[in-house]
Amino acid sequence: MGRDGFNNCGSRPVIPEGYELTSKVHEGSSAQVWRAKNPSGETVVLKLAASDSHSERRFKREIEGTRDAAGHHVIPLLDFDDTASWYSMPAAAKTLYQEKDTLPASFDESLRVLEAITAALRPLHLAGQVHRDLKPQNILWLVDEKGARWVVADFGIVRNPAGLTRTRLTADGGLTGSDGWAAPEQYQDGHKTTAASDVYAAGAIVSWMLTGVHPTFGYVEYPPASQLSAILKRATAPKPTNRYPNLDVLLEAVKVSAAASTTSLSSLLETGNWPQVSAYVSQANRRNQVVNALPKLDQSRVDAWFEADRPGLVMGVSDALDNLREDHSGLDMKSQVDPLLSWVVRVLRVLVNNGEHEDATHVATALFHATAWMDQYTPATAILDWLDNLNGQAQRAMEVALHNSTDTWAFFKSMASGRWPSKSRSELLQRLQE
């Protein structure tokens, strides 16, 4: 095919001397990808930048990012030159996306992909960089002298560490990355992404592999109720700080989940494995163990959970309350449900005392809704006693939570009407009694 086929890629790309193009693989606005013969006659993939300054700057960053991340699970750079207008890489057998018709994949295969992603991006994340375009199309199956393995490719929009970006290549506003795989913050400002953005994409990829359902903005399909689904839900949490802090922690949680079916909640609590406790209590099918075990945790153990895994505590307890509200059949309301609902006040206490009012609102919304839905007098009294001692921002956060679900405000208003007015020390209780 030689030098034909250049149509929409800006200015005509420069073909390096000695290379012969054989078939086009992909064409975008800033580059073309071709299968080609290198000067030695070997089949390689040649990526050519469009001949404009913006494409060339982006292409230079792509080459630098690939070199910075170089490792067993990163696509190797075979050849490039100082102009940063082209580079060659091995011809991969397939992309992960080409496996879409065989999904759902097995847990073991999904784990292998996650292991490859984690190993590939570890050097970037340690240096404060972010890939920002993790997706199945950029995960390749490579077979070479080092063996068969998944490798990560396309480092073209790597985010450099804050303060070290030399040239602004990403426009303000709009999506940076690929729709569905990109984290929510990448739809707003690609310059404010962190490693948590890559954690989101990795969680979305594993979820896609296990379900076969393509993610979209704001929606990821998770596998059936299990500890793994709770882990993936956290990995793809809308708020970056609620996700796992890095890919290694996510990978470890996924690995541990494989043995979780034989692990009891009590044993996790005894060892203080708080991230696994967080994932465990999120599961609807663990309801009975949750309602029996959590109320036994005193304030010091709740404090320890908060210190070790605040995002997991918030998500796990909130999910547990929602699960209980949706299905409390077979439970004794007085001896099982009431103690759990009353115990959650301890969680709210540690969140408020540490100034985590947004998280407190999240947990309180679930608690107030569940209490009102099930019409539970004893925990409602405990909640009102606690609300009676709040002020300032904490009081405002709890008022938001009381209004976040239908009929919750009305339920607590009716409960507060029976209290002695002299006991009402907070403005919130006074408003409930009006």
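Derivation of every value follows stated rules applied to the coordinates shown; laboratory data play no part. Bear in mind the structure is a predicted one, so any value in this text is a computation, not a measurement. When we count neighbours, we look across all protein chains shown, and the Cβ atoms used for this are built from the backbone with ideal geometry, even at glycine.
List of remarks:
- Given R0 = 41 Å, the distance between the Cβ atoms of ARG425 and SER329 translates into a calculated FRET efficiency of 0.60.
- Label-point separation in nm, THR271 to GLU358, each point 7 Å along Cα→Cβ: 3.3
- Around GLN186: net Lys/Arg minus Asp/Glu count, Cβ-Cβ under 11 Å: -2
- Residue with peak Gaussian network fluctuation, the chain [Cα springs, cutoff 10 Å], from SER329, SER226, SER207: SER329
- Residues of the range 98-130 falling in the label zone of ALA258, defined by backbone nitrogen less than 13 Å from a point 7 Å along Cα to beta-carbon, are 106-116.
- Nearest-0.05 FRET efficiency for GLU20 and ASN292, computed from C-beta distance (R0 60 Å): 0.30
- Whole-angstrom gap from the range 29-51 to the range 197-229, using each part's C-alpha centre: 33
- Checking [x] 21.9; [y] 24.0; [z] 40.1 against the coordinates, the calculated mean projected area of the Cα convex hull in nm² falls under label [y].
- Neighbour-count ranking [beta-carbon atoms within 10 angstrom, fewest first] of MET374, MET89, MET398: MET374, MET89, MET398
- Taken one residue at a time, the phi angles of the range 267-275 give Karplus couplings (6.51, -1.76, 1.60, θ = phi - 60°) of 5, 5, 5, 5, 8, x, 7, 5, x Hz. Gly and Pro are set to x.
- With K and R counted +1 and D and E -1, the other residues having a Cβ less than 9 Å from that of THR43 yield a net charge of +1.
- Potential lengthening between GLU27 and ASP248 on full extension [0.36 nm per residue; Cα-Cα distance subtracted]: 76.2 nm
- If you plug the beta carbon distance of TYR219 and SER300 into 1/(1 + (r/R0)^6) with R0 = 60 Å, you get a FRET efficiency near 0.95.
- Net charge of Cβ neighbours under 12 Å - reference ALA153; Lys, Arg +1; Asp, Glu -1: -1
- Extension gain for SER40 to ASP385 (0.36 nm times residue separation, less C-alpha to C-alpha distance): 116.2 nm.
- In the elastic network of the chain, a GNM with C-alpha springs shorter than 10 Å, the most mobile of GLY174, GLY418, GLY312 is GLY418.
- Annotation: extensible slack from VAL143 through ASP68 equals 24.8 nm (criterion: 0.36 nm per residue apart, minus Cα-Cα distance).
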